[in-house]
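Read through the structure below, which is laid out as structure tokens, and then see the notes.
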Amino acid sequence: MTQALPFIDLKTQYALLKQSIDARIQTVLNHAQYIMGPEVAEMERKLAEYVGVRHCVSVSSGTEALLISLMALGVGPGDEVITSPFTFAATAEVIVLVGATPVFVDIEPDTYNIDTALVEQAITHKTRAIIPVSLYGQTSDMLALQAIADRHGLPIIEDAAQSLGATHHGRRSSGLSKFGCVSFFPSKPLGCYGDGGALLTDDDRLAQIAREIRTHGQERRYWHTRIGVGGRMDTLQCAIVLAKLERFEWEIDQRIALGQQYLELLAGHNAIGLPTVRRGNTCVWAQFTVRVADREAVVSALGAKGIPTAVHYPVPLHKQPAYASLCRMGSPLPQSELAAETVLSLPFHPYLSADTQHMIAAALRDSVA
Ligand SMILES: *Cc1c(COP(=O)(O)O)cnc(C)c1O
């Protein structure tokens, strides 16, 4: 095997959806309403229905969704927001951008999600929100987290950038808390062909505030009642999400089955640490991520066989130069640090064939033998 495999295969998906995607794009070119065209409202309606909440507000990226959710909740200077340090930087970036302080709480070693047992002790009189990250495609223990949040009157914003399509006790990720924030970055479970994102909420007032913030704080045209951002999602990107929704349920089933298959193919090896899917959860595997002790050796052994890998994420945020002095440790963070040193993501997408998956699993087992 010398020809490199794709880490994520968007070309096969496009080949299968070409007719719908091309037709959707052509429709937008014909009506020429590139900003807030009819596909925007259609996509928002369909996504809200899919998630099972009253409102979807499409925005220009997952990062913007997180930022707007904090702005809508009025989080600002002097406030603290509790989150995980083992995530993409955007989660903490938006906290700093609104002038608040990220307070990092450690993760569970087998789900990589925030350890809910450590959250309550990190709450202070300055805490204004909790942002659990549904990393790799499954949610945190949102029921436990909601109980803690309720005791302290705090809103939860789920960073669901990697988990759209996953369920927690039968309810969909991004519809479990005050706000759910999703990303349509191309490699996410539901991707567009550029940047895009959405906020999901059941709260009528917060949905309206988020809509206004998305468009420069306008209550109506050229009447600005709050400070907002330029955060709209393009009509064309909404059109692409609409076309991709046709296969999304199938792709989610495929993701769940392929994740289970990887777990079975890799089980029973001491040198390969496997993730756990918690009882009550389904996982959509935005990344299929294992742990290995000698990551560099495994990366090069797999690379020699044409198998690409990636590290999500190599440095926890409390160790990043930009964040080290701006954050507070809400707990010791040993699991986050250990995860950053050992995690390795394998090729994963809904179009992975059984043969390819067997080949990847065998190569990984050989590399740690
Ligand atoms: C991708 C991602 C984001 C940011 O989404 P963008 O659409 O790229 O802005 C935020 N949080 C997590 C956990 C992500 O994976």
When only C-alpha pairs under 8 Å and at least 6 residues apart count, what is the relative contact order of region 10-242, in percent?
26 percent
Mean Kyte hydropathy of -0.5 or more with a Cα span along the axis of at least 30 Å, helices from DSSP in the chain:
235-266
Any idea how far apart F7 and E296 come out in nm if each label point goes 7 Å out from Cα toward Cβ?
1.9 nm
Quick check for region 10-242: number of Lys pairs with alpha-carbon distance under 29 Å, counting only pairs 8 or more apart or on different chains?
8
Which whole-Hz couplings ³J(HN,Hα) result when phi for each residue of region 171-188 is put into the Karplus expression 6.51 cos²θ - 1.76 cosθ + 1.60, θ = phi - 60°, listed in order with x for Gly and Pro?
9, 7, 3, 5, x, 9, 8, 3, 10, x, 10, 10, 10, 10, 3, x, 8, 6
Lys and Arg at +1, Asp and Glu at -1: add these up for the other residues within a Cβ distance under 9 Å of D203 and post the number.
+1
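Can you give the FRET efficiency to the nearest 0.05 for I35 and T225, using r as the Cβ-Cβ distance and R₀ = 25 Å?
Details: r = 21 Å, r/R0 = 0.83.
After rounding to 0.05, the efficiency reads 0.75.
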By the mean-Cβ-within-10 Å protection proxy, highest first, 66-79, 294-307 rank as 66-79, 294-307
Taking 0.36 nm per intervening residue step and subtracting the Cα-Cα distance, what contour gain separates A15 from H269 on full extension?
87.7 nm
Value of relative contact order over region 217-360, rounded to a whole percent, pairs C-alpha under 8 Å and six or more apart
25 percent
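Read-outs throughout are calculated quantities, based only on the coordinates presented, and are distinct from any laboratory measurement. Note that this is a predicted model, so its numbers are computed, not measured. In this analysis, Cβ positions are derived from the backbone assuming ideal geometry, glycine residues included, and neighbour counts consider all displayed protein chains.
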